[in-house]
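Visitor: I'd like to ask some things about the structure below.
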Amino acid sequence: MKNKFKLLLINFFISFIGWTQTGILTGKVIDGDSNDPLAFANVIIKGTSKGTTSDFEGYYELKIKPGTYSITFSFIGYETKVITEVVITADEINNLDIILKPEGISFETVIITAKRAKNTETAILNVQKKSVNLMDGISAQSFRKLAVSNVASAVKNVAGVSVQDSKYVYIRGLGDRYTKSILNGVDIPGLDPDRNTVQLDIFPTNIIDNVQILKSSTADLPADFTGGMVNIVTKDLPSSKNSSLSIGGTYNPSMHFNTNYLNYKGSSTDFLGFDNGDRDLPISRSQPIPGAYSRNPALTAITKVFDPTLKAQKGTSGMDFSFAYTMGDQFNVGENNKLGYLVAVSYKNKTTFYKDYERGFYRKFADKSINELDFSENQIGDLGKNEVLLSGLAGFTFKTEKSKYRLNFLHLQNGETTAGYFKQIKNFSDAVTIYKDNLQYTQRSISNVLLSGKHYNDESSFTTEWKIAPTYSFIQDKDARVTPFEFNESTNTFSIRPSSAGSPRRIWRTLEEYNVVGKIDFTYKHKLFNHDSKLKFGASYLYKLRNFSIDDYFLLIRGSSGESLNGDANLLLADENIYDSNSGLGTYVKGNYEPSNTFESYNNNIAGYISESFKLIEKLKAVMGLRVEKFNQFYTGQNNSGSIIYNNVETISKLDLFPSTNIIYSLNDDINLRVSYSRTVARPSFKEASITQIFDPITNLTFNGNINLRPSYINNFDIRFENFGEKAQLFAFSAFYKTFKDPIELTFFSASAPDNLQPRNIGSAIVYGIEIDFRKNLDFIGDNFKNFTLKVNTSLIKSEQEMDKSPNGEYESKLLNLRDGETLSDKRYLQGQSPYLINAGISYNNSDKGIETGLFFNVQGKSLEVVGIGAIPDVYAMPFNSLNFTLNKSFGEHKKSSVNIKFGNILNDERESHYQSYKASDKIFSKIRLGQTFSLGYNFKF
């Protein structure tokens, strides 16, 4: 009797466990015509009565016992779609997004397999197909194929996109000024506050759903972009508890484990991306400093509080490494409410060592019969850099029956330690040879909060969406140290001669920026001309405040020229060499505060817009809108003499209208013809619209602000033909034309100051070109090639910039310095504009075996980097040919583990910028040897 009872109990528990084991089927139902969420669509397990409906955002969720099913998706007035071979696994999330087309497009019941329906590349292409903007995109599936860990590495494969310094995105060859980055549709600041685009390597791909590149404007978007806008879309509310861990490392033979690597002792918290206070300015700006002739003991005491480390030390460089962790879950709260969270932490530690890092300065000879360039100055040496990036993201979502609230916290912490030792030869004003040590530390932090809400009425015909996002940015250059020694080759001695080589100096720079964004958008779905239409209107407010200051100190020697130091920078502040108040001799500190380098500036931008999306006929859609922006910028500061004082002076005041029109003609469901027009703006940054003079101790360049800068206005015209095929195939041809009024360009300050740069408004310009995007599966060759895909996209671009014809401006000064037989046009290339972009790759994807691999090539054509003036020629950034191989292999029953391998810069190309002049050989402006890289990463999903 007992055995029977035990057997019965065992059978009961086995049955109970089998009954409780379920999997989750979740996804989103999308309107195939408008690409909007399809609310209240039916989701039924075929052959049963079990099912659910999608919510106001199109999301659905079903808990199903393990097995293979057919799922039916339907909605009144839309096609019915049956997805077969949907495999449900116990305790697994199975994602299935579905597009339903209105019956006017298709009357038939469509039956497809789950494998085809879950292609995320097809999903992002559908977003592209139905977007009202001209756009391109890249999905999370492509991140794995490319074996990339951050957004910057992924988007450079998108048509018309290039990435500078492995961080910043340029679109259609236009410079950073004309590209904008947003996160989930909202402005966010970057780690470099003087760039319009955000440093995209800070976003790990494991929290990103897709990245959209918008190339045409609509009224609901900010007006300050021209080349394109990068919209980073993060993952939404997770369906159930999930987490993932990624670790990786990169080895560069020319940089890592090198015993000649240069560094210096910093603080104990450098590995976390911030200084613990060891590099803080040891005295206050108001601290009175006695003169060297006073023989005041206070001068000795003040000098001694400065860190005596001034020399770059040799050590062994480590390799790059990184890790990232994400975790998310959702809970039911009450009957129809859900609460979800997503947490992500990532850490990157990158070490670079540039051997023979070079920067040169050249000019034209006074003798116009000589075409070759005259050597003016050269700097060459070794540069070691360690960069730490620590990022944290926490997002919370609360969803009710008709509303959704999101609260996101984002913090970025970045620390960069740089040490260099350079040989500098000056030949123009004073023929000297200089050896100098450079030590520099920069820490940056950004803290951002995003609170948003989305609300629907009962019929989901009226939507209200609002967002508030305050941000605090804090950036410090802490104790940048420059110690130059003049070297006398005839006597083989080192000395410190401020008149020739410059004085040893210490620099502290501080930037604080407060940024608040608020916006509200309304959407009303209605009928117009007997077709579904959409009215959008809204308003936004943006406020930015920046405080900037520089503290600068010289280290001077009284009584000698430092010959006894023998070129050893660390001996300059050794105890035996510090100023002695009894003798009045030795090294002492002298303040070099310049009032022009302390300023406060703020701007505010109040905007409103209205747009209508409607159909004139079934196949012809138009989106017309008007945006108005009231932009004001104010400046407080003074020049060094105090003769010019700005006290909250309004430097920019503009009330502008920005019309936009997008017309889409659908030849059929897979072919679109698009035409668009928009007016946009590019505004100067706080640093540009100032009177600052900022010295860079590494490049030896000085940036000069220009308080009189004006915004640039751009008219954008686009036309595009796009044909979408199965298996994520695509052919698209685009042509664009842009006109620029008062473009802002970086030029040399004057012919007598080749190491000084300044932004200026210069004439007018036009840019025009074509783009071709081609993605083709190679199965037409044979079955052995069905898993191969060829992708090629290229942009050919022409630009014409009218030269500045003001007295002593670019045109006049160049005219006076023409070589014999040389002619001069009053037009040239637009600064930062590349004449061509090429992205090409062939990939192999076998999902059954868990293998994704590919070979990818990217190059950007020669572009004008710095505009020459007078005897100083133009500087061009030369093409950099990037060839990379990637391999990703997934393991395990549910592909929870994966290993990715990447070989970078296979061609071992170098990044160079050249001076170029009439019939003269190229001369180096800057040259960096990047080396080849090998990366290995591992990812595990819990």
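Visitor: Taking only C-alpha pairs under 8 Å that are 6+ residues apart, what is the relative contact order of the stretch 359-436 in percent?
Guide: Result for the stretch 359-436 is 30 percent.
Visitor: Rounded to the nearest 500, what is the 222 nm mean residue ellipticity of the chain from helices alone, with -39500 (n - 2.57) per DSSP H run of 4+ residues and division by all residues?
Guide: Here the helix-only value at 222 nm equals -2000 deg cm²/dmol.
Visitor: What is the ratio of the Cα radius of gyration of the stretch 692-797 to 2.2 N^0.38 Å, with N the residue count, to two decimals?
Guide: 1.76
Visitor: Calculate, axis by axis, the spread of Cα positions in the stretch 451-573 along the three principal axes, and write the results as whole Å, longest axis first.
Guide: 92, 25, 20
Visitor: Projecting each Cα onto the charge dipole of the stretch 313-941 (Lys/Arg +1, Asp/Glu -1 at the beta carbon, about the Cα centre), which of SER863, ASN662, SER581 comes out farthest on the positive side?
Guide: Comparing the listed Cα positions along the dipole, ASN662 ranks first.
Visitor: Any chance you could give the angle, 0 to 90 degrees and rounded to 10, that helix 120-130 forms with the longest Cα principal axis of the chain?
Guide: Taking Cα atoms only, the helix is inclined about 90 degrees.
Visitor: Looking at the square roots a ≥ b ≥ c of the eigenvalues of the Cα gyration tensor of the stretch 288-332, which shape do they give, rounded for a/c under 1.5, prolate if a/b is larger than b/c, or oblate?
Guide: Oblate shape, in that a/c is at least 1.5 and b/c is the bigger or equal ratio.
Visitor: Using Cα-Cα distances under 8 Å and only pairs 6 or more residues apart, what relative contact order does the stretch 313-941 have, in percent?
Guide: Relative CO of the stretch 313-941 lands at 8 percent.
Visitor: Give me the net charge for the shell around TYR635: Cβ to Cβ below 12 angstrom, other residues only, Lys and Arg +1, Asp and Glu -1. Each step should come with its number before you reach the end.
Guide: Working: positive: ARG546, LYS687; negative: GLU600, GLU650, GLU688.
Summing Lys/Arg as +1 and Asp/Glu as -1 gives -1.
Visitor: Please work out whether the stretch 417-515 counts as rounded, prolate or oblate from its C-alpha gyration tensor, where a ≥ b ≥ c are the square roots of the eigenvalues and a/c under 1.5 means rounded, while otherwise a/b larger than b/c means prolate and anything else oblate?
Guide: Cα axes put the stretch 417-515 in the prolate bin.
Visitor: With the Cα gyration tensor of the stretch 835-942 giving a ≥ b ≥ c as the square roots of its eigenvalues, does the rule (a/c under 1.5 for rounded; else a/b larger than b/c for prolate; else oblate) give rounded, prolate or oblate?
Guide: Since a/c reaches 1.5 and a/b is larger than b/c, the shape of the stretch 835-942 is classed as prolate.
Visitor: How charged is the neighbourhood of GLU486? Take every other residue with its Cβ under 11 Å from the Cβ of GLU486, and add Lys/Arg as +1 and Asp/Glu as -1.
Guide: 0
None of the figures in this text is laboratory data; all of them are computed from the coordinates on show. Just so it is clear, the structure is predicted and the values come from calculations on it, not from any experiment. In this analysis, Cβ positions are derived from the backbone assuming ideal geometry, glycine residues included, and neighbour counts consider all displayed protein chains.
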